[in-house]
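A.B. asks: Encoded as structure tokens, here's the structure I'll be asking about.
Bear in mind that the values in this text are calculations on the coordinates, not laboratory data. Nothing here was measured: the structure is a model prediction, and the numbers come from that model. Cβ: placed from backbone, ideal geometry, glycine included. Neighbour counts: every protein chain shown.
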Amino acid sequence: MDHPFAITLDTGTSLANHTGSWRTSRPVYVDRLPPCNHACPAGENIQAWLSHAEAGEYEAAWRVLTQDNPMPAVMGRVCYHPCETACNRAQIDEAVGINSVERFLGDEAIKQGWKFSPLETESGKRVLVVGAGPSGLSAAYHLRRLGHEVEIFEAGPLAGGMMRFGIPKYRLPRDVLDAEIARILDLGVTLNLNVKVVNILETMIMRGFHAAFLAVGAHIAKRAYIPAGEAAKILDAIAVLRSMEGEAKPLLGRRVVVYGGGNTALDVARTAKRLGATDAIIVYRRTRDRMPAHDFELEEALEEGVMMKWLSTIKRMDDGVITVEKMVLDATGFPQPTGEFETLEADSLVLALGQDVDLSLLNGVPELNIKDGVVQVGANLMTGYPGIFAGGDMVPAERTVTVAVGHGKKAARHIDAWLRGGAYEPAPRHEIAAFDQLNAWYYADAPKTVRPMLEMARRRATFEEVTQGLDETNALYEARRCLSCGNCFECDNCYGVCPDNAVIKLGPGNRFKFDYDFCKGCGVCAQECPCGAIMMVPEAI
Amino acid sequence: MTDVSTTSAVTQKLRFYQKGTFTVGNRLVSERERSVQASIDRSNALTCGHRACQGCGEALGARYAIDAAMRATGGKLIAVNATGCLEVFTTPYPETSWQVAWVHSLFGNAAAVATGVAAAMRVKGRGDVRAIAQGGDGGTTDIGFGCLSGMFERNDDVLYICYDNEAYMNTGVQRSSATPPAARTATTPAIGSEPGNVFGTGKSVPKIAMAHGIPYVATASVADLHDLERKVTKAMGIRGARYIHVHVPCPLGWGSAAHDTIRLARLAVESGLFPVFEAEHGHLTASRKIRRKVPVTEYLQPQKRFAHLFSSEHGPQQVAKLQAVADRNIVEFHLLDQEGDV
Amino acid sequence: MAEGIAFCRPEVVCAYPITPQTHIVEALGEMVRTGELKHCEFINVESEFAALSVAIGASAAGARAYTATASQGLLFMAEAVYNASGLGLPIVMTLGNRAIGAPINIWNDHSDAMSMRDAGWMQLFAETNQEAVDLHIQAFRLAEELSMPVMVCVDGFILTHAVERIDIPDQADVDAFLPPYEPVQVLDPEQPISIGAMVGPEAFTEVRYLQNYKQNLALRLLPEFAAEFEARFGRDSGGLLRTYRADDADLLVVAMGSVNGTIKDTIDEMRADGVRVGLVTLVSFRPFPTQALREALVAAKHVVVIEKSFAIGMGGQLANNVDLALRNAAGAPQVHSVIAGLGGRPIIRPSLHKVLRRAVADPWEGMHFLDLNETIIAKELHHVRKVRRSGPTAENILRHLSVGMQQEAAK
Amino acid sequence: MFQVRIHGRGGQGVVTAAELLSVAAFLEGKHAQAFPSFGSERTGAPVVSFCRIDDKEIRLREPILEPDGLIIQDPTLFKGLDVFQGLKAEGYLLVNSNKSIEELHLADMAAKLPDGHVRVSPATELALKHIGRPLPNVALLGAFAALTGIVQLHSVIIAIRQAFSGKIGDANVAAATAAYDQCLRRSLSFGHVETD
């Protein structure tokens, strides 16, 4: 345009002035590892499936979830969700209810009948999985998806392992468990029940398996020597819980004492209550804060009327009477006897002192290293014998369903690599997104949704599921509480707060890029990024 | 004040979407609900290449305000600028960063020039073209005060926006009548028992604007950009004299980190030192509630201009006085939910 | 005069009261109210600074803008005066010439116009109310042709408050002479520009040079417009300068504004006595018509510059400018500076006769103050020398005066 | 050129009088110029206004030092001020008063001037009677027309009507006419007296 000299200027001409040269440090978009993902024993990409869920794309969320874990409905009930313990949101109000959303997705999948997408290629390799517990099923699922032919040998009458024989119905309804197992089998996994592998090498050779994954679990109850008179009724927890799945329910009497401090002890005690026991007393030699069982489960047990006897060990059992000795904790926190005794009336005593692994199937396998009753494995979960891998409760690890499922996935990947004559290299992990890297201001206050609980009367009397699920509305709400720690969720803050318009928006799904021609490096974008996905890097001088 | 309602952040708390509710463009809400600044085709009325300092709050506030006004008027906008940082860093010959019809006349006459622009548009039958005047706190609360008051009193169809960074930054940080008490500037050195502007008296131009009874007065902050946009949009929907007073931190003048610009603005609001409210025809109609109340020290400490408050023996009394100022604001403008307003 | 301005169809008129221009804008305000003046925004502002600022905004937005002021008012808007010319905005402003205080004085002289003589505005001086009307019409044409502001200087009271016969032009003629305002730059959302950039050393000189260039163009345009004006309205108004009985004159008077009428009568009387005296009436003080003035003056032996203002500590601004016009001219006439009519003191023929004869017979150096009361000066100077705390000069002089008058009365 | 100087006090319409007189002259095709003794007149303060009437263009801008006609709207001004200053030998003097020239101690003054060039007009009284307010200016113009004949009463009346519409116009016209008639009668009676 033609106008007076100098005093009047054409618009936008300052674009010729590249202020980027002022910069001493530059903002860079980064992806950081969300603490929930980091904490998940099953290696779920939690943030990713939450981000689908919060957009209402539940099937997409479920598919992302099941890339790592084939049993969300089970997980959403039995997982102790370390993800929520790690969740940064806990430092704002409360952790995101990841577990409840997972359960919602799992239940939704069952309701909608979502299936796993069929696999493209067959590798022609055969893999044997021993044990249809969480670890075995997980391994079978992953191996199958990797194109291998999978057969499961299960000694028991039903698949599920500890999920079925160790976890009571009121925590995990069997129809849910069956549905998720069936979906895995639908992938073309062969399941052989009531088949106990006695010699693994022999079985592999005879059946022509190229590799094996062992996940037989830990089913042999640990015993403790307790002097007992005639007719003293002493049972073990695993047997009690297993018999719950059969026709004949166990007879525990009206006064039941459970010995031990683990989750199994609680399960038995709560089961006893439901079976009609008037008193269910747990005897544990240490204090509540040292109890291995999860506190929320203890809470539920106490609510249901289970009683606790802390700092006590059982000395002997005579007909209907149990003698316990009081203990004190020494400086190291170890219980020491006091010599003080008292008695408890009991119709039966259930020992819940943990379980051992039945390793008989490994007889004759060379190069194996067995320590503390479990098989030692490498980082790739392979035993000392090439081609034989192991996971779940039979290897040194925390004994939870989720850990087991994680083992299954991990083993599958290594087995796959091994079968292809290579080694599986997990992708390098990003730095964890810590809370102080976030800008919590931008998240609205949104307290966690409380999962509804079954009313007390029915909790005490029936085996109906205690904890209910979320409905679509609050599942969505819960998913949206996710902070997307360490990963851009396209909130446009950087784009909006840049005083120099030096952020370029690339459109939905494509995030942003910096216009270093104009970015002065003030760092407001990094400071105001809610999820800590921008890092300031000094410019090279 | 029973008709005071909450605005912005606090009302959004109950919105269904959660993730990044207060961010510029929450992807979970519709394009329309997002900030103008979230839009890929925003007008960038103040575009790249300007010479503002790193982390300039005024540059940010001005782009938000003018872009919002551009959207509200469909681009039919003429902006008048008072002398000051904003003018100098945007239009040094031969480059201008403005992408809107813009004129700079003098330090003290922006309101009057805008009055002339509005009059010209009326007489030319272009009443659809709206006039905005903008200036810093010096050009507004001091030297431009006469013209501003005249524009208010005549109820001219002008929106005047003051970008308040609490001193004459363009000339090297001298105190203005908008400089808070106890703040150190080049002309109020941190010397003696009572450095800085005096406590007790002072000049609240928003309140003075209210006293003119004009249709709309509002304060806003770069700490709540949705709120700032909403107010500009609302103002452009009203005819007559309107005034918006925007709090814009200045890293240079405040002695703060460039990246702390928005954070400091936020702390000013959350501490109660900068009350964010709206008034119509002289009456307070709404105030933005404090979300997470903080003591004034959280706002003061990161700023070198207040450093003496934390080193000198007189510091504690002065901090207490500033806290008292914040507490008075909280009561006067109903900044907390429990201030008993609807 | 207001009527004449109304014929120019101003679109924005800004008003702030100051004697002696107030009644002009009052009248315009009324015309807008009655609808006599259509398509015009009349704005009562809160100060002269705002008055010109509003005009600046209106003009930048493409409207024909007008305002009026005087004396202190002009000083109060000084910053905007420079700004309007710097931005090249064709604003027309009436200046009802009045003295500048202190001592406060509401009467006529040219100190106010002179205070802004270098502000980049064009300054035209009216000799009669008729010419005042005509100059406004030409001023708008000139301002908008060059996109430069014009100040029309009209002697306070002497003209602004005089009632005399005026030919009111016909609207159609004015419209034909003054086409609608077509700005060279305008604030327009459809074609946005930034007006009023900060210009540094690299371009500031050029900006100023171009302002000066425009004023040089005005030296050519003013006579053209005056001729065109005369052709249409039949009146010889405006231009750069006018001469009266100057052809054979040995002595030429140079003056601006209403005093020219009195000088003409004086000249007729002196001519009757055979004195070859003539007059050069300067209409355009800015741009200063150096060339035209030199040609008009160079043949004379004596030039007496009579002006209603002077730069304290230096001398008459007009006289100095006239010197400039004659600089290095071969056989240039002697220039004699007369300061007259300050603060409204009447300039009367007897005094003019005296000073003009003396310029030839007994020339002086520097300034001659017409009708200066020597006695009072002497008394006051004596008083000041005697007493340290001599008090305010103005009040002292008034006291001397009243004493003098009582003595007169006593006689 | 005929020059008139009007003395009065602020609020008595001194300036208006000069303007009306100049308008009356316009109406008769003459050139005329009216202007005040420039200043911010305050009610009651002594005020002067001027009017020039000529057949050719009037260029002169100086105050009137040697009037051909002098109108004194307020006789109390005689004290302190030399209102007669510069009055031409052939000049006219018109004074607003109910008193006689003798009572006003103007006999000497009258003697200096040609016969019949000095008149007293009860303008305030007439104004109060017709207009209801003590504004002698318009009435005096009527009388001045009668005294000097520099303008016709008819022109004065049109000028008045241009300035004041409706009732006020009528009232002023009435006052001016009355003063005009009275002034004519007086001249006759005076004429008679002087024949003694």
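A.B. asks: Once all Cα-Cα distances of segment B:268-340 are split into 10 Å bins that start at 0, what whole-number percent is in each one?
C.D. replies: Binned Cα distances yield the sequence 20, 45, 24, 10, 1.
A.B. asks: While we're looking at this one, here's another question. With r defined as the distance between the Cβ atoms of C:Ile168 and D:Asp54 and R0 fixed at 22 Å, what FRET efficiency is calculated, to the nearest 0.05?
C.D. replies: Working: r = 21 Å, r/R0 = 0.96.
So the FRET efficiency works out to roughly 0.55.
A.B. asks: Can you figure out the FRET efficiency of A:Leu302 with A:Glu122, using R₀ = 60 Å and their beta-carbon distance, to the nearest 0.05? Working shown, then result.
C.D. replies: Details: r = 53 Å, r/R0 = 0.88.
Rounded to the nearest 0.05, the efficiency is 0.70.
A.B. asks: A follow-up question, please. Where nothing but the Cβ of Lys and Arg (+1) and of Asp and Glu (-1) is charged, how large is the charge dipole of segment C:2-233 around its Cα centre, in debye to the nearest 20?
C.D. replies: Details: 12 positive and 31 negative charges, 72 e Å.
Approximately 340 debye in magnitude.
A.B. asks: Assuming a viscosity of 0.890 mPa s and a temperature of 25 °C, what translational diffusion coefficient in µm² per second does Stokes-Einstein assign to segment C:2-233, Rh being the Kirkwood radius over Cα pairs? Each step should come with its number before you reach the end.
C.D. replies: Numbers: Rh = 17.8 Å.
In µm²/s, the coefficient rounds to 138.
A.B. asks: Right, next: Only counting other Cβ atoms within 10 Å, I'd like B:Arg305, A:Arg511, B:Arg34 sorted with the fewest neighbours first.
C.D. replies: Details: B:Arg305 24, A:Arg511 16, B:Arg34 20.
Going from sparsest to densest Cβ surroundings: A:Arg511, B:Arg34, B:Arg305.
A.B. asks: Additional query: Explain nothing, just compute: Karplus ³J(HN,Hα) = 6.51 cos²θ - 1.76 cosθ + 1.60, θ = phi - 60°, for every residue of segment A:481-486 in order, whole Hz, x for Gly and Pro.
C.D. replies: Using θ = phi - 60°, the values come out as 6, 4, 8, 6, 3, x Hz.
A.B. asks: Find the relative contact order for segment A:391-541 and round it to a whole percent, using C-alpha pairs within less than 8 Å whose residues are 6+ positions apart.
C.D. replies: Details: 142 pairs, mean separation 30.3, N = 151.
RCO, segment A:391-541: 20 percent.
A.B. asks: Under the definition of Cα pairs under 8 Å and six or more residues apart, what whole-number percent is the relative contact order of chain B?
C.D. replies: Numbers: 724 pairs, mean separation 63.0, N = 342.
Reported relative contact order: 18 percent.
A.B. asks: Kindly write out, for segment B:166-171 in residue order, the coupling ³J(HN,Hα) from the Karplus curve 6.51 cos²θ - 1.76 cosθ + 1.60 (θ = phi - 60°), rounded to whole Hz, with x marking Gly and Pro.
C.D. replies: 6, 4, 7, 7, 4, 9
A.B. asks: Counting other Cβ atoms within 10 Å, keep those with at most 16, restrict to DSSP loop, and tell me which trypsin sites (Lys or Arg not before Pro) in segment C:320-359 are left.
C.D. replies: Details: sites: C:Arg327, C:Lys354, C:Arg357, C:Arg358; in loops: C:Arg327.
Here the sparse-neighbourhood loop sites are C:Arg327.
A.B. asks: About the Cα centre of segment D:2-194, what is the dipole size in debye to 20, counting +1 per Lys and Arg Cβ and -1 per Asp and Glu Cβ, all else neutral?
C.D. replies: Values: 19 positive and 20 negative charges, 99 e Å.
The dipole of segment D:2-194 has a size of about 480 debye.
A.B. asks: For every helix of n ≥ 4 consecutive DSSP H residues, a contribution of -39,500 (n - 2.57) applies; sum these over chain A, divide by its total residues, and give [θ] at 222 nm rounded to the nearest 500 deg cm²/dmol.
C.D. replies: Working: 18 runs with 156 residues, N = 541.
Calculated from helices alone, the mean residue ellipticity at 222 nm is -8000 deg cm²/dmol.
A.B. asks: Right, next: Check the cysteines of chain A one by one and keep only those with no other cysteine Cβ under 4.7 Å from their own.
C.D. replies: A:Cys40, A:Cys79, A:Cys87, A:Cys482, A:Cys485, A:Cys488, A:Cys491, A:Cys498, A:Cys519, A:Cys522, A:Cys529, A:Cys531
A.B. asks: What number, in nm² with one decimal, is the all-direction average of the projected area of the convex hull of the alpha-carbon atoms of segment C:347-405?
C.D. replies: 5.5
A.B. asks: When the scattering of segment B:184-342 is computed by the Debye formula from its Cα atoms alone, each counted once and equally, what is log10 I(q)/I(0) at q = 0.09, 0.10, 0.13 Å⁻¹?
C.D. replies: -0.32, -0.39, -0.65
A.B. asks: Based on C-alpha coordinates, I'd like the Rg and Dmax of segment C:229-275, in Å.
C.D. replies: 12.7, 38
A.B. asks: Further, regarding this structure: Using the Cα atoms of segment A:223-353, I'd like the radius of gyration and the largest Cα-Cα distance, Dmax, both in angstrom.
C.D. replies: Radius of gyration, then largest Cα-Cα span, for segment A:223-353: 14.1, 48 Å.
A.B. asks: For each pair in B:Lys19/B:Lys293; A:Lys520/B:Lys231; A:Lys233/A:Lys315; B:Lys76/B:Lys234; B:Lys124/C:Lys38, compute the distance between the two Cα atoms and list the pairs where it is over 18 Å. Mind dumping the intermediate values first?
C.D. replies: Values: B:Lys19/B:Lys293 22 Å; A:Lys520/B:Lys231 29 Å; A:Lys233/A:Lys315 15 Å; B:Lys76/B:Lys234 16 Å; B:Lys124/C:Lys38 12 Å.
Beyond 18 Å: B:Lys19/B:Lys293; A:Lys520/B:Lys231.
A.B. asks: Per residue of B:120-128, how many C-beta atoms from partner chains lie within 10 Å of its own C-beta, taken as a mean? List each step's numbers first, then the result.
C.D. replies: On the way: counts 16, 7, 6, 12, 6, 1, 4, 0, 1.
Taking all residues of B:120-128 together, the mean is 6.
A.B. asks: Across peptide B:147-153, how many C-beta atoms of other chains are within 10 Å of each residue C-beta, on average? Provide the component values of the computation, followed by the final result.
C.D. replies: Numbers: counts 7, 2, 2, 10, 4, 0, 2.
Averaged over the peptide's residues, the number is 4.
A.B. asks: Tell me the mean residue ellipticity at 222 nm calculated for chain C from its helices only (DSSP H runs of n ≥ 4, each -39500 (n - 2.57), averaged over every residue, nearest 500).
C.D. replies: Details: 15 runs with 186 residues, N = 411.
About -14000 deg cm²/dmol.
A.B. asks: Ordered by residue, what ³J(HN,Hα) values in Hz, to whole numbers, does segment B:263-279 give under the Karplus form 6.51 cos²θ - 1.76 cosθ + 1.60, where θ = phi - 60° and Gly and Pro are x?
C.D. replies: 4, 5, 4, 5, 5, 4, 6, 6, 7, x, 5, 10, x, 10, 8, 10, 9
A.B. asks: I've got another one for you. Would you work out the charge dipole size for the protein assembly as shown about its Cα centre, treating the Cβ of every Lys and Arg as +1 and the Cβ of every Asp and Glu as -1, and quote it to the nearest 20 debye? Each step should come with its number before you reach the end.
C.D. replies: On the way: 146 positive and 170 negative charges, 402 e Å.
Charge dipole, the protein assembly as shown, about its Cα centre: 1940 debye, nearest 20.
A.B. asks: Also: Do the sum for chain D: with -39,500 (n - 2.57) for every DSSP H run of n ≥ 4, divided by all residues, what is the mean residue ellipticity at 222 nm, to the nearest 500 deg cm²/dmol? Numbers along the way, then the final one.
C.D. replies: Numbers: 6 runs with 80 residues, N = 196.
About -13000 deg cm²/dmol.
A.B. asks: What is the mean projected area of the alpha carbon convex hull for chain D, to one decimal in square nanometres?
C.D. replies: Details: hull surface 42.2 nm².
For chain D, averaging the hull's shadow over all directions gives 10.5 nm².
A.B. asks: Still on this structure: Using modelled amide H (1.01 Å from N, peptide plane; none on Pro or chain starts), what sits under 5 Å from the amide H of C:Arg286, excluding residues fewer than 5 places away?
C.D. replies: HN-HN under 5 Å from C:Arg286: C:Gln123.
A.B. asks: Still on this model: Plugging the Kirkwood radius over Cα pairs into Stokes-Einstein for segment B:5-339, at a temperature of 4 °C and a viscosity of 1.567 mPa s, what D comes out in µm²/s? Let's see the in-between values first.
C.D. replies: Values: Rh = 20.0 Å.
After rounding, the answer is 65 µm²/s.
A.B. asks: Another question, if that's okay. Enter the per residue convex hull volume of segment C:241-369, computed from alpha-carbon coordinates, in Å³ rounded to the nearest integer.
C.D. replies: On the way: hull volume 13.2 nm³, N = 129.
In segment C:241-369, the Cα convex hull volume per residue is 102 Å³.
A.B. asks: With label points built 7 Å along Cα→Cβ from the Cα atoms of D:Arg161 and C:Val360, find their separation and express it in nm.
C.D. replies: Once both label points are built, they end up 5.4 nm from each other.
A.B. asks: What distance in nm separates the simple spin-label points at B:His283 and D:Gln85, each placed 7 Å from Cα in the Cβ direction?
C.D. replies: 6.5
A.B. asks: Calculate the translational D of segment A:83-221 in whole µm² s⁻¹ from Stokes-Einstein, where the hydrodynamic radius comes from the Kirkwood formula applied to all Cα pairs, the temperature is 25 °C and the viscosity 0.890 mPa s. All intermediate terms of the calculation are to be shown ahead of the outcome.
C.D. replies: Details: Rh = 16.7 Å.
In µm²/s, the coefficient is 147.
A.B. asks: Related question: Treating cross-link reach as a plain straight distance, find the lysines whose alpha-carbon is under 26 Å from the alpha-carbon of C:Lys308, omitting any fewer than eight places away in the same chain.
C.D. replies: C:Lys264, C:Lys354, C:Lys379
A.B. asks: In whole angstrom, note down how far apart the Cα centers of segment C:265-333 and segment B:211-238 are.
C.D. replies: 61
A.B. asks: Taking the convex hull of the Cα atoms, report for the protein assembly as shown its projected area averaged over all directions, in nm². Display every interim value, and only then the final one.
C.D. replies: Values: hull surface 318.7 nm².
Over all viewing directions, the protein assembly as shown projects a mean Cα-hull area of 79.7 nm².
A.B. asks: Here's a follow-up. Within 10 Å of each residue's Cβ, count the other Cβ atoms and sort A:Arg413, A:Arg420 from fewest upward. Please list the in-between numbers first.
C.D. replies: Working: A:Arg413 20, A:Arg420 12.
Fewest to most other Cβ atoms nearby, the residues stand as A:Arg420, A:Arg413.
A.B. asks: Separate question: For peptide B:258-266, how many partner chain Cβ atoms fall within 10 Å of a residue's Cβ, on average?
C.D. replies: Taking the mean over all residues of the peptide, I get 5.
A.B. asks: Name the long-range amide H neighbours of A:Thr8: under 5 Å, sequence gap of 5 or more, or other chain; modelled H, no Pro or chain starts.
C.D. replies: When sequence neighbours closer than 5 places are left aside, the close amide H contacts are C:Gly196, C:Ala197.
A.B. asks: Let me ask something else. Sorted by mean Cβ packing within 10 Å, highest first, what order do the peptides B:256-268, B:179-191 take?
C.D. replies: Ranked by mean Cβ neighbours within 10 Å, highest first: B:256-268, B:179-191.
A.B. asks: Under the definition of Cα pairs under 8 Å and six or more residues apart, what whole-number percent is the relative contact order of chain A?
C.D. replies: Computed value for chain A: 22 percent relative contact order.
A.B. asks: Mind giving me the nanometre distance, one decimal, between the label points for D:Leu128 and A:Val195, set 7 Å out from Cα along Cα→Cβ?
C.D. replies: Going from the D:Leu128 label point to the A:Val195 one covers 14.1 nm.
A.B. asks: With point charges of +1 on the Cβ of Lys and Arg and -1 on the Cβ of Asp and Glu, referenced to the Cα centre of the protein assembly as shown, which listed residue (C:Tyr181, A:Gly229, D:Asn96) lies farthest in the positive direction of the dipole?
C.D. replies: Result: A:Gly229, furthest along the dipole toward the positive end.
A.B. asks: Let me ask something additional. Compute the longest continuous run of chain C that contains no exposed GluC sites (Glu not before Pro); treat a site as exposed when its DSSP state is not H, G, I, E or B and it has at most 14 other Cβ atoms within 10 Å.
C.D. replies: Details: sites that count: C:Glu36, C:Glu190, C:Glu365.
The longest such stretch corresponds to C:191-364.
A.B. asks: Find how many whole Å separate the alpha carbon centroid of segment A:326-347 from the alpha carbon centroid of segment A:30-61.
C.D. replies: After rounding, the separation between the Cα centres reads 46 Å.
A.B. asks: Tell me, what is the FRET efficiency for A:Glu425 and C:Gln191 to the nearest 0.05, using R0 = 51 angstrom and their Cβ-Cβ distance as r? Could you put the intermediate results ahead of the total?
C.D. replies: On the way: r = 61 Å, r/R0 = 1.20.
For R0 = 51 Å, the calculated efficiency reads 0.25.
A.B. asks: Starting from the amide H of A:Ile282, placed 1.01 Å from N in the peptide plane, find each other amide H under 5 Å away whose residue is 5 or more places distant or on another chain.
C.D. replies: Residues meeting the amide H criterion: A:Val258, A:Met307, A:Met308, A:Lys309.
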